[in-house]
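In what follows, a structure is listed as structure tokens, so that the remarks can point back to it.
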Amino acid sequence: MLTLNAPAKINWFLKVFTLRSDGYHEIESLIQKISLYDVLVFAPSRELTLTTNMQIPAEQNLAYKSAVLLKNECRINAGAEISLNKNIPVSAGLGGGSSDAASTLIGLNKVWSLGLSRNELCAFAERLGSDVPFFLHGPLALVKGRGEKISDCKSVKPFNILLVKPPVTVSTRWAYENLKSARINGELTKITPKADNIKFFTHAISKAELPGDRYIENDIESVTVKSFPVIADIKHRLLREGAIFSMMSGSGPTVFGVFGSAKEAENASKAFEECWTAVVQTITDNI
């Protein structure tokens with residue numbers, strides 16, 4: 001039996017560029033794992049099964065799809081019993097499903113004694129979703145392309161984070177489609193930041209320094225906020241509660257605030273009783 005923790009993530013920034021011929025957007029994002037985990041348990045079995053506390057059929061779960069892909073492509077006759085305990089909210093911009101898929105690849109690679117390298121696992125991960133390859137890297141990485149070009153960055157000191165998710169869900173597909181529509185209709189006029197700004201931001205975070213967000217932010221946020229104004233409200237409230245920095249993660253709707261200490265983050269969480277909250281830390285190379 002093998003137990004793995006599948007971590008959530010935050011996007012320190014997310015730039016979305018042109019639509020590719022394969023239907024995905026070119027992106028550039030700095031992503032870091034955080035100490036909020038789904039838990040997966042793997043055990044040898046004749047059949048391939050998934051049990052979970054999620055309210056969806058197992059066949060629709062990305063962890064199960066990951067297992068089926070690996071089993072079919074590697075022509076494995078054996079099965080596995082996979083148990084998934086979800087703690088990361090679904091459709092929250094925290095990468096829970098992608099992390100589960102990556103952990104399933106890692107877990108079954110061990111359970112089935114496949115001996116696949118990280119690069120080989122990444123080739124499978126790319127077929128499952130844009131965020132999945134990142135979770136085979138990290139804990140902090142600069143991600144480009146559609147998510148497959150990953151450069152690991154050093155992370156020396158954890159940040160204290162308060163996650164706040166309002167009682168709404170946001171589909172990643174919906175968010176990107178609305179971003180595309182806003183650009184076509186000329187609703188977005190923001191200037192793409194220079195590469196030097198992105199390099200500076202990445203370097204600062206890797207050194208546990210928190211730069212300002214004047215030039216680099218989440219491109220999807222401005223689109224998502226139009227339909228879910230509560231996101232902007234949470235950002236402002238986090239700052240009022242003492243956050244040094246606040247931003248929407250991924251396609252949302254979860255917003256994160258960075259605080260000077262875990263106690264400050266815990267105290268601030270009391271102002272968001274109507275929302276799901278969690279106080280976490282960023283994962284570093286030393287954890």
* Residue that is nearest to Ser269 (Cα to Cα) [pool: residues in region 203-217 that are assigned to a helix (DSSP H, G or I) and out of contact with any Pro (no Cβ under 8 Å at 6 or more places or on another chain)] -> Ser206
* Asked: Does Leu162 satisfy the condition of being in contact with a Lys or Arg (Cβ under 9 Å, 6 or more places away or on another chain), among the aliphatic types (A, V, I, L, M) and in contact (Cβ under 8 Å) with a residue 60 or more places away in the chain?
  -> no
* Could you list, in sequence order, the residues of region 218-267 that are surrounded by 15 or more Cβ atoms within 10 Å (Cβ to Cβ), part of a helix (DSSP H, G or I) and of a type in the set (A, V, I, L, M, F, W, C)? -> Val223, Val225, Val230, Ile231, Ala232, Ile234, Leu238, Ala262, Ala265
* Is there a residue being surrounded by 19 or more Cβ atoms within 10 Å (Cβ to Cβ), assigned to a helix (DSSP H, G or I), of a type in the set (Val, Ile, Thr) and modelled with pLDDT of 75 or more anywhere in region 193-202? -> yes
* Matching residues in region 238-260 - criterion: being in contact (Cβ under 8 Å) with a residue 40 or more places away in the chain and of a type in the set (Val, Ile, Thr) -> Thr254, Val255, Val258
* To do: Would you be able to tell me the number of residues in region 55-95 that are closer than 30 Å to Phe13 by Cα and basic (Lys, Arg)?
  => 2
* To do: Return a yes/no flag: does region 28-39 have any residue that is in contact (Cβ under 8 Å) with a residue 24 or more places away in the chain and either surrounded by fewer than 15 Cβ atoms within 10 Å (Cβ to Cβ) or over 20 Å from the mean Cα position of the chain (by Cα) (or both).
  => no
* Selected residue (only one of Lys270, Lys235, Lys263 is in contact with a Ser or Thr (Cβ under 8 Å, 6 or more places away or on another chain), over 26 Å from Cys153 (Cα atoms) and free of Cβ contacts under 8 Å to residues at least 40 places away in the same chain) -> Lys235
* Has region 137-147 got any residue that is at pLDDT below 85 and under 30 Å from Ala43 (Cβ atoms)? -> yes
* Within region 51-70, tally of residues that are under 19 Å from Phe124 (Cα atoms) and touching a Phe, Trp or Tyr at 6+ places or on another chain (Cβ under 8 Å) -> 3
* Any hit, region 116-124, residues being modelled with pLDDT under 95 and over 27 Å from Ala232 (Cα atoms) -> no
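The values are calculated or read from the model by the stated rules, or taken from the named source; none is laboratory data. Just so we're clear, the structure is a prediction, and the values are computed from it rather than from any experiment. Quick reminder, even Gly has a Cβ in these numbers, built from the backbone with ideal geometry, and neighbours come from all protein chains shown.
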